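Below is one structure, written out as structure tokens; the observations come after it.
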Amino acid sequence: VGCAQQYPITGGEKDTTPPQIKESSPLNYSTNFSGKSITLSFDEYVQLKNMNAEFISSPPLEENPEFTEKGKSIVMEFNEELKENTTYNFNFGNGIVDFTEGNPLDSNLFVFSTGDALDSLSVWGKVKDAYTNLRVAQVYIGLYESMEDSVFTTSRPDFLSKTQSTGVFSIGFL
């Protein structure tokens with residue numbers, strides 16, 4: 001009677017480890033992709049969180065893919081034909097998180113090509129406010145193939161990125 005001490009169950013230490021991609025179909029950085037969907041399998045259960053706002057495709061797709069949660073996997077189905085001989089760069093932002101604590105995906109970049117090779121050019125920089133000289137976070141950066149001065153008002157960018165909290169951006173696989 002009194003030899004055991006009673007304590008509430010804590011459930012263990014808090015999970016701070018983000019989910020990691022264990023398998024993907026196709027493989028990340030693959031070439032000659034001709035499918036209609038991508039499957040990402042993770043090391044733990046994951047869920048989608050505001051994916052329509054977080055997902056960035058470069059070059060941009062006309063319509064965001066449909067994302068479906070399936071246990072420890074996410075299936076991404078395309079709603080359009082992909083361009084031939086094009087390297088696609090997908091950034092999931094904080095849109096894929098683990099089920100228990102909401103830790104965002106550790107490596108949120110997925111790249112593949114519909115052609116024989118991956119494009120390798122990249123551009124990076126910092127965005128600063130012209131009045132305060134402070135770095136600007138979470139703004140979109142677009143690159144256009146057209147040299148017209150009003151192209152950004154008439155068409156979508158050919159490549160897209162978003163600045164980090166430090167104001168730094170990079171657009172790879174151009």
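The values are calculated or read from the model by the stated rules, or taken from the named source; none is laboratory data. The structure displayed is predicted, hence computed values, not measured ones. When we count neighbours, we look across all protein chains shown, and the Cβ atoms used for this are built from the backbone with ideal geometry, even at glycine. Protein only, heavy atoms only, side chains kept; ligands, DNA and RNA dropped before computing areas. Shrake-Rupley method; radii C 1.70, N 1.55, O 1.52, S 1.80 Å.
Spelling out what I want: for every residue of the range 159-174, take phi, set θ = phi - 60°, compute 6.51 cos²θ - 1.76 cosθ + 1.60 (Karplus), and round to whole Hz; glycine and proline get x.
9, 9, 8, 9, 6, 7, 5, 8, x, 7, 9, 8, 10, x, 6, 8
Positive end of the dipole of the chain, charges at C-beta (+1 Lys, Arg; -1 Asp, Glu), about the Cα centre: which of 150, 85, 125 has its Cα farthest in that direction?
Checked the options; the winner is 125.
Please state the charge dipole magnitude for the chain, taken about the Cα centre, from unit charges on C-beta atoms (+1 on K and R, -1 on D and E), reported in debye and rounded to the nearest 20.
520
Near residue 95, within a Cβ-to-Cβ distance under 15 Å, what is the net charge of the other residues, with Lys and Arg +1 and Asp and Glu -1?
Computed value for this residue: -3.
With +1 assigned to the C-beta of every Lys and Arg and -1 to the C-beta of every Asp and Glu, and no other charges, what is the dipole magnitude of the range 113-152 about the Cα centre in debye, to the nearest 20?
Dipole of the range 113-152, to the nearest 20 debye: 400 debye.
Note down the net charge around residue 163, summing +1 for each Lys or Arg and -1 for each Asp or Glu among other residues with Cβ under 13 Å from its Cβ.
Residues close to residue 163 contribute a combined charge of +3.
Cα-based Rg (one decimal) and Dmax (whole number) for the range 3-98, in Å?
Considering the range 3-98 through its Cα atoms, Rg and Dmax are 17.9, 73 Å.
Determine the share of the range 24-174's accessible area contributed by carbon and sulfur atoms, expressed in whole percent, with a 1.4 angstrom probe.
48
Would you please calculate the Kirkwood hydrodynamic radius of the range 68-174 over all C-alpha pairs and express it in Å, rounded to one decimal?
Computed over Cα pairs of the range 68-174, the Kirkwood hydrodynamic radius comes out at 16.3 Å.
What whole-number value in Å² describes the accessible area per residue of the chain for a 1.4 Å probe?
65
Using the Cβ atoms and a cut-off under 14 Å, what net charge is assigned to the surroundings of residue 77, where Lys and Arg are +1 and Asp and Glu are -1?
Local net charge: -3.
With the Cα gyration tensor of the range 79-139 giving a ≥ b ≥ c as the square roots of its eigenvalues, does the rule (a/c under 1.5 for rounded; else a/b larger than b/c for prolate; else oblate) give rounded, prolate or oblate?
It comes out oblate by the Cα gyration axes.
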